[in-house]
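What follows is a set of notes on a single structure, which appears directly below.
The values are calculated or read from the model by the stated rules, or taken from the named source; none is laboratory data. These numbers were taken from a predicted model, which means no experiment stands behind them. Don't worry about glycine lacking a Cβ; one is built from the backbone with ideal geometry, like all the others, and counts go over all protein chains shown. Calculation scope for accessible area: heavy atoms of the full protein, side chains included, ligands and nucleic acids excluded. Shrake-Rupley method; radii C 1.70, N 1.55, O 1.52, S 1.80 Å.
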Amino acid sequence: PEVLADFHGEMGGCDSCHVSDKGGVTNDNLTHENGQCVSCHGDLKELAAAAPKDKVSPHKSHLIGEIACTSCHKGHEKSVTYCDACHSFGFDMPFGGKWERKFVPVDADKAAQDKAIAAGVKETTDVVVIGSGGAGLAAAVSARDAGAKVILLEKEPIPGGNTKLAAGGMNAAETKPQAKLGIQDKKQIMIDDTMKGGRNINDPELVKVLANNSSDSIDWLTSMGADMTDVGRMGGASVNRSHRPTGGAGVGAHVAQVLWDNAVKRGTDIRLNSRVVRILEDASGKVTGVLVKGEYTGYYVIKADAVVIAAGGFAKNNDRVAKYDPKLKGFKATNHPGATGDGLDVALQAGAATRDLEYIQAHPTYSPAGGVMITEAVRGNGAIVVNRDGNRFMNEITTRDKASAAILQQKGESAYLVFDDSIRKSLKAIEGYVHLNIVKEGKTIEDLAKQLDVPAAELAKTVTSYNGFVKSGKDTQFERPNLPREIATAPFYALEIAPAVHHTMGGIVIDTKAEVKSDKTGKPIEGLYAAGEVTGGVHGANRLGGNAISDIVTYGRIAGASAAKYAKDH
Ligand code: FAD
Ligand code: MEZ
């Protein structure tokens, strides 16, 4: 047998996977088929528990929701390891092929699309949400709370988009967790930091809404079961305002899981493997619904009063990235495989205005060996960055544009992130990097230097000098503003880091109600809303670490509520 279906066909026929009298799959989530896998092989948790402890298990992951077996184990084509979209584990999978993904434009196959539209409406709802990242899930929850019937469509087999990968935190000012920790902050300081970080080209009205609603968004998440009690520092922030779970665990998987659970609890109709390829409008330009391509069920039309585009950015689409910023051609990306910019394409087809597309951010600390972004929180909690000569060369918590540029000027266009055991203990997220075997460990700084092949005396001198700055409270070399702890507790750790494409600041033009503006008239397109990384204006030319999760929760909520209200009124 070449593929899983051949094997199962020989064993028990088609109905060992499918409902035989339905003549194919019943839905794009492959609910029945996945149930069949689990009934014979056990669920993900059971499989993970049975795996050897000393190896990375493909069944134990940081992903959210209920991961369907068919995300990796394919029936009629070669199986693929979804994790290899970012990592290169090389798991030996039965009937396995190589992970690859070719970008297919949303308007490919136009004749078939037109035919499906001519065939008419298959389903009707109040609100369609495009994308199951934080913005989409927040929109779904708030639209459901406002009484709307919601269908949420996600093109990937796995939900959560980039949101589930977010690590460092969610920025918010004047919050209860800050107050508990004695952190003095003001919404106005968050506004000022965001505008300055964005080189003042942000839409100031959108920034005000971001900051002024940020503590409410923390309360909203908390009321739904989130733990946002740990507060740390991110680049470009004047104070500690980046919220995350206790002990510094990754923020994104937690927030996405809480939103997912709440969207499910509220009866949202969530469909995976379902790509929106066109937004439908009537002759007056008013939105009437969407054309969906179900991976298994094909094209169909959903009629809807309102549509929320929450389809994320395009950092994983290097051709598109390089078109806007040729310096980033060939760069790796920190993003999930679905971050290709389809949301932008369907919005453009629908006549949406866009802005700032040329502003694309590289994250300074990506691990080429692990295929993962190393959170800025490691630096925020005290790590330093050194070059191959063992020297620091920047304020480690400067903004990302400056940090990335400084790293690219070093020999080898990469650098080392150096920290100690007290920093490791301060941030749970670090355990994930250790688990991936990408962190070098030394009993002493000299021992660590040997493993990195950097001059031991120079690295020891750098660390001693940095520890002196921590003691005196002033970094006279690079003016790093936060000096949380010395690097003095063995063992010592390091890993190689280099910049990778991380965030696309530009996108669809929205107003403070998350209404999408028309390119032609500058006025809102009736029934069309957008939130999150697919939009432009909140972050200006450069996003501050921690501001995206803040953006998607606040604007996701606003978009969902606005769309539900519009649906009710029309
Ligand atoms: P996403 O979460 O990307 O979700 C969009 C979804 O839409 C995707 O699932 C996608 O597959 C789907 N989609 C796209 N097109 C279609 C279509 N046509 N039809 C159906 N579905 C579609 N920000 C912070 O503030 N703090 C952090 O600590 C942080 N850490 C990060 C770490 C990493 C590794 C990465 C990659 C980003 C990080 N960010 C962080 C940025 C932040 O995670 C993202 O900007 C944010 O989560 C985007 O949310 P979103 O809902 O707009 O999009
Ligand atoms: O906002 C981000 O992208 C972020 C905080 C990333 C990180 O380094 O954790």
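Find all pairs meeting these conditions: Cβ atoms under 7 angstrom apart; at least six residues apart or on different chains; first residue within segment 213-238 and over 21 Å from Gly380 (Cβ atoms); second residue within 13 Å of ligand 1 (Cβ to nearest atom) and open to solvent by less than 20 Å² (accessible area, probe 1.4 Å).
If the second residue must be within 13 Å of ligand 1 (Cβ to nearest atom) and open to solvent by less than 20 Å² (accessible area, probe 1.4 Å), the pairs left are Asn213/Thr554; Thr222/Met228.
Looking at segment 38-71, which of its residues are assigned to a loop (DSSP other than H, G, I, E, B) and either open to solvent by less than 30 Å² (accessible area, probe 1.4 Å) or acidic (Asp, Glu) (or both)?
Gly42, Asp43, Ala51, Asp54, Ser57, Ile64, Gly65, Glu66, Ala68, listed by residue number.
Can you tell me which of (1) more than 30 Å from Ser562 (Cβ to Cβ); (2) open to solvent by less than 50 Å² (accessible area, probe 1.4 Å); (3) in contact with a Lys or Arg (Cβ under 7 Å, 6 or more places away or on another chain) is the one Ala490 doesn't meet?
Going through the list (1) more than 30 Å from Ser562 (Cβ to Cβ); (2) open to solvent by less than 50 Å² (accessible area, probe 1.4 Å); (3) in contact with a Lys or Arg (Cβ under 7 Å, 6 or more places away or on another chain), Ala490 breaks only (2).
Which residue is farthest from Asp28 (Cα to Cα), if the candidates are limited to segment 72-101 and must be part of a helix (DSSP H, G or I) and open to solvent by 30 Å² or more (accessible area, probe 1.4 Å)?
Here the residue is Asp84.
Here is a list: His59, His76. Which entry is of a type outside the set (Phe, Trp, Tyr), within 21 Å of Asn273 (Cβ to Cβ) and free of Cβ contacts under 8 Å to residues at least 40 places away in the same chain?
Going through His59, His76 in turn, just one is of a type outside the set (Phe, Trp, Tyr), within 21 Å of Asn273 (Cβ to Cβ) and free of Cβ contacts under 8 Å to residues at least 40 places away in the same chain: His59.
Can you pull out the residues in segment 531-570 that are of a type in the set (D, E, K, R) and within 16 Å of ligand 2 (Cβ to nearest atom)?
Within segment 531-570, Glu533, Arg543, Asp551 meet the criteria.
Hey, can you tell me all the residues within segment 397-424 that are within 18 Å of Pro481 (Cβ to Cβ) and within 16 Å of ligand 1 (Cβ to nearest atom)?
The answer is Ile397, Thr399, Arg400, Asp401, Ala403.
Among the numbered criteria (1) open to solvent by 10 Å² or more (accessible area, probe 1.4 Å); (2) on the phi < 0 side of the Ramachandran plot; (3) of a type outside the set (Ser, Thr, Tyr); (4) touching a residue at least 60 places away in the same chain (Cβ under 8 Å), which one does Gly522 miss?
(2)
Tell me which residues, restricted to segment 114-132, are open to solvent by 10 Å² or more (accessible area, probe 1.4 Å) and on the phi < 0 side of the Ramachandran plot.
Scanning segment 114-132 gives Asp114, Lys115, Ala116, Ile117, Ala118, Ala119, Val121, Lys122, Glu123, Thr124, Asp126, Ile130.
What number of residues within segment 347-365 satisfy the criterion of being surrounded by 24 or more Cβ atoms within 10 Å (Cβ to Cβ) and assigned to a helix (DSSP H, G or I)?
Number of matching residues: 1.
Of (1) surrounded by fewer than 19 Cβ atoms within 10 Å (Cβ to Cβ); (2) within 16 Å of ligand 2 (Cβ to nearest atom), Ile430 satisfies all except one. Which?
Status for Ile430: all satisfied but (1).
Counting only residues that are under 29 Å from the mean Cα position of the chain (by Cα) and open to solvent by less than 40 Å² (accessible area, probe 1.4 Å), which one in segment 2-34 is nearest to Tyr296 (Cα to Cα)?
Asp28
Do you know which residues across segment 530-569 are under 16 Å from the mean Cα position of the chain (by Cα) and either of a type in the set (Phe, Trp, Tyr) or at positive phi (or both)?
Gly532, Gly546, Tyr555
Of everything in segment 550-566 that's aliphatic (A, V, I, L, M) and open to solvent by less than 10 Å² (accessible area, probe 1.4 Å), which residue is farthest from ligand 1 (Cβ to nearest atom)?
Among residues in segment 550-566 that are aliphatic (A, V, I, L, M) and open to solvent by less than 10 Å² (accessible area, probe 1.4 Å), the one farthest from ligand 1 (Cβ to nearest atom) is Ala564.
Answer yes if at least one residue in segment 346-357 is over 28 Å from Ala564 (Cα atoms), among the hydrophobic types (A, V, I, L, M, F, W, C) and either at pLDDT below 95 or within 16 Å of ligand 2 (Cβ to nearest atom) (or both), and no otherwise. It would help to see each step written out before you state the result.
Restricting attention to segment 346-357, the residues satisfying the condition of being over 28 Å from Ala564 (Cα atoms) are 356-357.
This time we only want the ones that are among the hydrophobic types (A, V, I, L, M, F, W, C), so: 357.
Filter once more, so that each one left must be either at pLDDT below 95 or within 16 Å of ligand 2 (Cβ to nearest atom) (or both): none.
No, the conditions are met nowhere in segment 346-357.
Looking at Asp569, Asp511, can you tell me which residue is touching a Pro at 6+ places or on another chain (Cβ under 9 Å) and either of a type outside the set (S, T, N, Q) or more than 24 Å from Leu165 (Cβ to Cβ) (or both)?
Answer to the check: Asp511.
Out of all the residues in segment 300-325, which are assigned to a strand (DSSP E or B) and not β-branched (Val, Ile, Thr)?
Of everything in segment 300-325, those that are assigned to a strand (DSSP E or B) and not β-branched (Val, Ile, Thr) turn out to be Tyr300, Lys303, Ala304, Asp305, Ala306.
Do you know which residues across segment 417-462 are modelled with pLDDT of 95 or more and among the basic types (Lys, Arg)?
Matches in segment 417-462: Arg424, Lys425, Lys440, Lys443, Lys450, Lys461.
When the residues of segment 273-294 are narrowed to those that are out of contact with any strand residue (DSSP E or B) (no Cβ under 6 Å at 6 or more places or on another chain) and open to solvent by 50 Å² or more (accessible area, probe 1.4 Å), which ends up farthest from ligand 2 (Cβ to nearest atom)?
Ala283
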